[in-house]
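Undergrad: Quick one: structure below, then a few questions.
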Amino acid sequence: MDTDADAAHGHEDNACENLPTGPVSSHCDQACPSAFGSSLLCNSIQDSESPEQSSECTDGEISSLTLENVFGDLCNADDTLSDDEGAFRGLSALPVENIEVRRVLCTRCSRPEKVCLCPFLPAHPLSVSTCLYIVQHPAEESRVLRTVPLLASCLPEDKCKVLIGRRFGEERYPELAAICRKPGTFILYPGAEAANLEELSLEDNHHPHSLIIIDGTWSQAKDIFYKNSLFRLPKQVQLKTTVSSQYVIRTQPNNTCLSTLECAAIALSIMEKNTEIQQTILRPLQALCSFQLQHGAQIHHSKEHLLKNGQYKKPMPKNKRKLKKMELLVNNVKI
(Lines give C-alpha, C1' and ligand atoms only; values in the text may rest on other atoms or scores of the structure.)
Protein backbone atom coordinates (compact mmCIF):
# COMPACT_ATOMS: atom_id res chain seq x y z
CA MET A 1 0.00 0.00 0.00
CA ASP A 2 1.19 3.38 -0.69
CA THR A 3 -0.28 6.18 1.29
CA ASP A 4 0.32 9.87 2.01
CA ALA A 5 3.40 11.78 2.95
CA ASP A 6 3.37 13.19 6.48
CA ALA A 7 1.18 10.26 7.41
CA ALA A 8 4.10 8.18 6.16
CA HIS A 9 2.14 6.19 3.62
CA GLY A 10 4.16 6.18 0.42
CA HIS A 11 2.58 6.22 -3.01
CA GLU A 12 4.69 4.77 -5.73
CA ASP A 13 4.35 6.73 -8.94
CA ASN A 14 7.03 5.82 -11.45
CA ALA A 15 8.83 2.52 -11.75
CA CYS A 16 12.49 2.26 -12.69
CA GLU A 17 12.40 -1.02 -14.49
CA ASN A 18 15.92 -1.86 -15.65
CA LEU A 19 16.03 -5.55 -14.95
CA PRO A 20 18.56 -7.29 -17.20
CA THR A 21 17.17 -9.55 -19.85
CA GLY A 22 19.01 -12.24 -21.76
CA PRO A 23 19.27 -12.32 -25.56
CA VAL A 24 16.78 -14.44 -27.42
CA SER A 25 17.95 -16.32 -30.51
CA SER A 26 15.94 -18.38 -32.94
CA HIS A 27 16.91 -21.39 -35.05
CA CYS A 28 17.03 -19.22 -38.18
CA ASP A 29 19.46 -16.79 -36.56
CA GLN A 30 21.92 -19.64 -36.21
CA ALA A 31 21.47 -20.99 -39.74
CA CYS A 32 21.39 -17.75 -41.73
CA PRO A 33 24.00 -14.97 -41.49
CA SER A 34 21.79 -12.19 -42.86
CA ALA A 35 20.66 -9.83 -40.11
CA PHE A 36 17.55 -8.63 -41.97
CA GLY A 37 15.19 -11.06 -43.58
CA SER A 38 17.34 -14.12 -42.94
CA SER A 39 14.53 -16.10 -41.33
CA LEU A 40 12.22 -14.97 -44.10
CA LEU A 41 14.59 -16.20 -46.80
CA CYS A 42 15.03 -19.54 -45.06
CA ASN A 43 11.30 -20.08 -44.81
CA SER A 44 10.80 -19.23 -48.48
CA ILE A 45 13.54 -21.64 -49.58
CA GLN A 46 12.25 -24.44 -47.39
CA ASP A 47 8.72 -24.03 -48.72
CA SER A 48 9.92 -24.30 -52.33
CA GLU A 49 12.14 -27.35 -51.82
CA SER A 50 11.06 -30.90 -52.31
CA PRO A 51 11.16 -33.34 -49.36
CA GLU A 52 14.36 -34.84 -50.70
CA GLN A 53 16.18 -31.51 -50.75
CA SER A 54 18.09 -30.24 -47.74
CA SER A 55 16.37 -27.54 -45.70
CA GLU A 56 19.69 -25.90 -44.78
CA CYS A 57 20.28 -22.43 -46.30
CA THR A 58 23.53 -22.04 -48.23
CA ASP A 59 25.15 -18.83 -49.37
CA GLY A 60 24.33 -19.68 -52.98
CA GLU A 61 20.66 -20.23 -52.27
CA ILE A 62 20.40 -17.01 -50.30
CA SER A 63 22.04 -14.98 -53.06
CA SER A 64 19.62 -16.39 -55.64
CA LEU A 65 16.69 -14.77 -53.86
CA THR A 66 15.99 -11.15 -53.10
CA LEU A 67 13.73 -9.59 -50.52
CA GLU A 68 11.58 -8.40 -53.40
CA ASN A 69 11.00 -12.01 -54.49
CA VAL A 70 10.15 -13.12 -50.98
CA PHE A 71 7.77 -10.27 -50.29
CA GLY A 72 6.17 -10.89 -53.65
CA ASP A 73 5.49 -14.53 -52.75
CA LEU A 74 4.06 -13.55 -49.38
CA CYS A 75 1.78 -10.93 -50.87
CA ASN A 76 0.71 -12.76 -54.05
CA ALA A 77 -2.83 -12.95 -52.70
CA ASP A 78 -3.14 -9.19 -53.22
CA ASP A 79 -1.02 -7.65 -55.99
CA THR A 80 -2.23 -4.17 -55.12
CA LEU A 81 -0.12 -3.95 -51.96
CA SER A 82 2.40 -1.11 -51.92
CA ASP A 83 6.08 -1.73 -51.25
CA ASP A 84 5.69 -0.55 -47.65
CA GLU A 85 2.65 -2.74 -47.09
CA GLY A 86 4.49 -5.69 -48.56
CA ALA A 87 7.45 -5.04 -46.31
CA PHE A 88 5.28 -4.94 -43.21
CA ARG A 89 3.53 -8.13 -44.31
CA GLY A 90 6.91 -9.79 -44.67
CA LEU A 91 8.12 -8.58 -41.29
CA SER A 92 5.03 -10.04 -39.69
CA ALA A 93 6.26 -13.48 -40.72
CA LEU A 94 9.47 -13.14 -38.70
CA PRO A 95 9.67 -15.43 -35.63
CA VAL A 96 8.60 -14.03 -32.28
CA GLU A 97 10.13 -14.63 -28.85
CA ASN A 98 9.87 -18.21 -27.74
CA ILE A 99 7.89 -18.37 -24.52
CA GLU A 100 10.19 -21.14 -23.27
CA VAL A 101 13.19 -18.78 -23.05
CA ARG A 102 11.48 -16.23 -20.79
CA ARG A 103 13.09 -15.77 -17.41
CA VAL A 104 12.07 -18.20 -14.71
CA LEU A 105 10.73 -16.51 -11.57
CA CYS A 106 11.68 -17.52 -8.05
CA THR A 107 8.71 -19.15 -6.35
CA ARG A 108 9.39 -17.35 -3.07
CA CYS A 109 10.34 -13.73 -3.86
CA SER A 110 8.71 -13.64 -7.35
CA ARG A 111 11.91 -12.21 -8.85
CA PRO A 112 13.84 -13.61 -11.84
CA GLU A 113 16.15 -16.36 -10.60
CA LYS A 114 19.29 -14.47 -11.66
CA VAL A 115 18.35 -11.54 -9.42
CA CYS A 116 16.68 -13.52 -6.66
CA LEU A 117 16.43 -11.71 -3.31
CA CYS A 118 15.89 -14.79 -1.16
CA PRO A 119 19.36 -14.48 0.49
CA PHE A 120 18.08 -11.22 2.04
CA LEU A 121 14.78 -12.68 3.26
CA PRO A 122 14.44 -14.24 6.71
CA ALA A 123 15.32 -17.93 6.75
CA HIS A 124 11.90 -18.65 8.21
CA PRO A 125 8.72 -16.53 8.07
CA LEU A 126 8.49 -14.07 10.94
CA SER A 127 6.39 -15.13 13.89
CA VAL A 128 3.69 -12.46 14.28
CA SER A 129 0.19 -12.45 15.72
CA THR A 130 -1.06 -9.54 13.60
CA CYS A 131 -2.67 -10.44 10.28
CA LEU A 132 -2.14 -8.11 7.31
CA TYR A 133 -4.77 -7.65 4.60
CA ILE A 134 -3.22 -5.95 1.56
CA VAL A 135 -5.96 -4.43 -0.60
CA GLN A 136 -4.15 -3.98 -3.92
CA HIS A 137 -5.24 -1.89 -6.89
CA PRO A 138 -5.08 -4.02 -10.10
CA ALA A 139 -2.55 -1.64 -11.68
CA GLU A 140 0.01 -2.51 -8.99
CA GLU A 141 -0.04 -6.20 -9.87
CA SER A 142 1.65 -5.60 -13.24
CA ARG A 143 4.50 -3.44 -11.92
CA VAL A 144 7.93 -5.05 -12.12
CA LEU A 145 9.47 -3.36 -9.08
CA ARG A 146 6.79 -3.78 -6.44
CA THR A 147 7.19 -4.42 -2.75
CA VAL A 148 4.17 -6.55 -1.81
CA PRO A 149 5.71 -9.88 -2.97
CA LEU A 150 8.77 -9.19 -0.79
CA LEU A 151 6.53 -8.36 2.15
CA ALA A 152 4.52 -11.55 1.71
CA SER A 153 7.76 -13.56 1.53
CA CYS A 154 8.73 -12.37 5.01
CA LEU A 155 5.48 -13.47 6.68
CA PRO A 156 3.49 -16.71 7.07
CA GLU A 157 0.85 -17.23 4.37
CA ASP A 158 -1.98 -16.97 6.87
CA LYS A 159 -0.64 -13.63 8.18
CA CYS A 160 -0.39 -11.75 4.88
CA LYS A 161 -3.35 -11.95 2.50
CA VAL A 162 -3.44 -9.98 -0.76
CA LEU A 163 -6.81 -9.03 -2.24
CA ILE A 164 -6.73 -7.48 -5.73
CA GLY A 165 -9.52 -5.24 -6.97
CA ARG A 166 -11.22 -1.85 -6.84
CA ARG A 167 -14.55 -2.72 -5.26
CA PHE A 168 -14.94 -4.96 -2.21
CA GLY A 169 -18.50 -5.88 -1.40
CA GLU A 170 -19.64 -7.96 1.55
CA GLU A 171 -21.19 -10.70 -0.61
CA ARG A 172 -18.04 -11.29 -2.63
CA TYR A 173 -15.59 -10.84 0.27
CA PRO A 174 -17.34 -12.24 3.39
CA GLU A 175 -14.04 -12.88 5.22
CA LEU A 176 -12.90 -9.28 4.69
CA ALA A 177 -16.31 -7.99 5.79
CA ALA A 178 -16.10 -10.04 9.00
CA ILE A 179 -12.57 -8.76 9.68
CA CYS A 180 -13.65 -5.14 9.15
CA ARG A 181 -16.30 -5.53 11.86
CA LYS A 182 -13.93 -6.88 14.50
CA PRO A 183 -12.88 -4.39 17.22
CA GLY A 184 -9.19 -5.33 16.87
CA THR A 185 -9.00 -4.35 13.17
CA PHE A 186 -7.32 -1.16 11.94
CA ILE A 187 -7.06 0.37 8.47
CA LEU A 188 -3.89 2.31 7.67
CA TYR A 189 -5.12 5.43 5.90
CA PRO A 190 -4.12 9.01 6.80
CA GLY A 191 -6.58 11.78 7.46
CA ALA A 192 -8.09 14.11 10.04
CA GLU A 193 -9.98 11.24 11.68
CA ALA A 194 -6.97 8.89 11.81
CA ALA A 195 -5.27 8.16 15.13
CA ASN A 196 -1.49 7.81 15.33
CA LEU A 197 -0.72 4.12 15.55
CA GLU A 198 2.31 4.82 17.75
CA GLU A 199 0.07 6.42 20.38
CA LEU A 200 -2.62 3.75 20.56
CA SER A 201 -2.98 1.45 23.53
CA LEU A 202 -3.31 -1.99 21.96
CA GLU A 203 -5.49 -3.80 24.45
CA ASP A 204 -4.83 -7.49 25.00
CA ASN A 205 -8.50 -8.42 24.85
CA HIS A 206 -8.61 -7.46 21.19
CA HIS A 207 -5.84 -9.85 20.13
CA PRO A 208 -5.10 -10.97 17.53
CA HIS A 209 -5.15 -7.65 15.69
CA SER A 210 -5.65 -7.22 11.96
CA LEU A 211 -4.33 -4.38 9.80
CA ILE A 212 -5.69 -3.41 6.37
CA ILE A 213 -3.29 -1.59 4.02
CA ILE A 214 -4.28 -0.18 0.61
CA ASP A 215 -1.60 -0.72 -2.05
CA GLY A 216 -1.62 1.79 -4.90
CA THR A 217 -0.82 5.38 -5.79
CA TRP A 218 -2.42 8.09 -3.67
CA SER A 219 -5.31 8.61 -6.12
CA GLN A 220 -5.89 4.85 -6.40
CA ALA A 221 -5.85 4.39 -2.62
CA LYS A 222 -8.24 7.32 -2.18
CA ASP A 223 -10.65 5.85 -4.70
CA ILE A 224 -10.62 2.44 -3.01
CA PHE A 225 -11.03 3.88 0.50
CA TYR A 226 -13.96 6.18 -0.22
CA LYS A 227 -15.86 3.92 -2.61
CA ASN A 228 -15.90 0.87 -0.32
CA SER A 229 -18.11 1.32 2.73
CA LEU A 230 -16.47 -1.69 4.43
CA PHE A 231 -13.28 0.31 4.94
CA ARG A 232 -15.06 2.87 7.08
CA LEU A 233 -15.83 0.21 9.70
CA PRO A 234 -12.33 -0.43 11.15
CA LYS A 235 -10.52 2.15 13.25
CA GLN A 236 -8.57 4.48 10.96
CA VAL A 237 -4.87 4.90 11.82
CA GLN A 238 -1.79 6.56 10.39
CA LEU A 239 1.96 6.55 11.02
CA LYS A 240 3.49 9.53 12.81
CA THR A 241 7.05 8.68 11.80
CA THR A 242 9.03 11.21 9.75
CA VAL A 243 11.68 8.85 8.37
CA SER A 244 12.53 9.12 4.68
CA SER A 245 11.71 6.29 2.33
CA GLN A 246 14.47 3.90 1.32
CA TYR A 247 12.57 3.01 -1.85
CA VAL A 248 14.63 5.49 -3.86
CA ILE A 249 14.13 3.93 -7.30
CA ARG A 250 10.53 5.18 -7.55
CA THR A 251 9.29 8.75 -7.32
CA GLN A 252 7.27 9.63 -4.22
CA PRO A 253 4.92 12.61 -3.74
CA ASN A 254 7.13 14.07 -1.00
CA ASN A 255 10.16 13.28 1.08
CA THR A 256 8.47 11.26 3.81
CA CYS A 257 6.24 9.00 1.71
CA LEU A 258 6.73 5.29 2.32
CA SER A 259 6.19 2.21 0.19
CA THR A 260 3.71 -0.50 1.13
CA LEU A 261 6.50 -2.70 2.50
CA GLU A 262 7.89 0.14 4.63
CA CYS A 263 4.46 1.01 6.03
CA ALA A 264 3.83 -2.63 6.92
CA ALA A 265 7.29 -3.02 8.48
CA ILE A 266 6.86 0.00 10.76
CA ALA A 267 3.25 -0.84 11.64
CA LEU A 268 4.06 -4.46 12.50
CA SER A 269 7.02 -3.47 14.65
CA ILE A 270 4.69 -1.16 16.62
CA MET A 271 1.83 -3.64 16.94
CA GLU A 272 4.12 -6.55 17.79
CA LYS A 273 6.36 -4.38 20.03
CA ASN A 274 9.44 -5.71 18.24
CA THR A 275 11.79 -3.32 16.40
CA GLU A 276 13.70 -6.20 14.78
CA ILE A 277 10.66 -6.91 12.58
CA GLN A 278 11.14 -3.56 10.81
CA GLN A 279 14.82 -4.21 10.14
CA THR A 280 14.15 -7.74 8.84
CA ILE A 281 11.39 -6.69 6.42
CA LEU A 282 13.37 -3.71 5.11
CA ARG A 283 16.46 -5.81 4.27
CA PRO A 284 15.19 -7.19 0.89
CA LEU A 285 13.99 -3.70 -0.14
CA GLN A 286 17.45 -2.29 0.53
CA ALA A 287 18.99 -5.11 -1.53
CA LEU A 288 16.55 -4.50 -4.39
CA CYS A 289 17.35 -0.79 -4.57
CA SER A 290 21.08 -1.41 -4.29
CA PHE A 291 20.99 -3.92 -7.16
CA GLN A 292 18.99 -1.59 -9.40
CA LEU A 293 21.30 1.36 -8.73
CA GLN A 294 24.35 -0.78 -9.55
CA HIS A 295 22.79 -1.69 -12.90
CA GLY A 296 21.89 1.74 -14.24
CA ALA A 297 18.89 2.88 -12.21
CA GLN A 298 18.86 6.46 -10.94
CA ILE A 299 17.86 7.80 -7.55
CA HIS A 300 14.39 9.34 -7.82
CA HIS A 301 13.88 12.50 -5.83
CA SER A 302 10.37 13.21 -4.61
CA LYS A 303 8.02 15.47 -6.53
CA GLU A 304 8.24 17.89 -3.59
CA HIS A 305 12.04 18.04 -3.88
CA LEU A 306 11.93 18.58 -7.65
CA LEU A 307 9.37 21.39 -7.40
CA LYS A 308 11.25 23.20 -4.62
CA ASN A 309 14.56 23.06 -6.52
CA GLY A 310 13.19 23.97 -9.95
CA GLN A 311 14.01 20.52 -11.34
CA TYR A 312 10.48 19.38 -12.18
CA LYS A 313 10.68 18.80 -15.96
CA LYS A 314 7.12 17.73 -16.71
CA PRO A 315 4.67 20.39 -17.95
CA MET A 316 2.60 21.89 -15.17
CA PRO A 317 -1.00 20.65 -15.15
CA LYS A 318 -3.77 22.93 -16.42
CA ASN A 319 -6.23 21.54 -13.92
CA LYS A 320 -6.59 24.02 -11.02
CA ARG A 321 -7.09 21.26 -8.46
CA LYS A 322 -3.82 19.56 -9.46
CA LEU A 323 -1.99 22.89 -9.44
CA LYS A 324 -3.25 23.50 -5.92
CA LYS A 325 -1.88 20.12 -4.82
CA MET A 326 1.56 21.01 -6.18
CA GLU A 327 1.45 24.33 -4.35
CA LEU A 328 0.65 22.54 -1.10
CA LEU A 329 3.58 20.17 -1.67
CA VAL A 330 6.00 23.06 -2.07
CA ASN A 331 4.66 24.75 1.08
CA ASN A 332 4.85 21.56 3.20
CA VAL A 333 1.08 21.46 3.70
CA LYS A 334 -0.73 18.14 4.01
CA ILE A 335 -2.77 17.24 0.94
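Undergrad: Taking residue 239 as the residue in question, decide whether it is at pLDDT 90 or above and crowded, with 24+ Cβ neighbours inside 10 Å.
TA: So residue 239 fits the description; yes.
Undergrad: Looking at this structure, is residue 216 under 25 Å from residue 171 (Cα atoms), of a type outside the set (Ser, Thr, Tyr) and crowded, with 23+ Cβ neighbours inside 10 Å?
TA: Taking the combined requirement at face value, the residue satisfies it.
Undergrad: Would you say residue 248 is in contact with a helix residue (DSSP H, G or I) (Cβ under 9 Å, 6 or more places away or on another chain), closer than 28 Å to residue 290 by Cβ and either in a loop (DSSP other than H, G, I, E, B) or of a type in the set (Val, Ile, Thr) (or both)?
TA: Yes, satisfied.
Undergrad: Six or more apart or on different chains, Cβ under 6 Å: which pairs go from a residue in region 107-131 that's open to solvent by 10 Å² or more (accessible area, probe 1.4 Å) to one that's among the acidic types (Asp, Glu)? Could you list them?
TA: Short answer, once both residue conditions are applied: 128/272.
Undergrad: Being in a strand (DSSP E or B) and over 27 Å from the mean Cα position of the chain (by Cα) is the filter here; which residues of region 162-184 pass it?
TA: The answer is none; no residue qualifies.
Undergrad: Now for a separate question. Of all residues in region 257-305, count the ones that are farther than 17 Å from residue 212 by Cα and outside any helix (DSSP H, G or I).
TA: 11
Undergrad: Here's something else I'd like to know. Looking at the structure I just gave you, is residue 214 over 26 Å from the mean Cα position of the chain (by Cα), of a type in the set (Val, Ile, Thr) and not in a loop (DSSP other than H, G, I, E, B)?
TA: Judged against the criteria, residue 214 is not a match.
The values are calculated or read from the model by the stated rules, or taken from the named source; none is laboratory data. Note that the structure is a prediction, hence the values are computed from the model and not measured. Backbone-built Cβ (ideal geometry, glycine too); neighbour counts: all protein chains shown. SASA here: full protein model, heavy atoms, side chains in, ligands and nucleic acids out. Shrake-Rupley method; radii C 1.70, N 1.55, O 1.52, S 1.80 Å.
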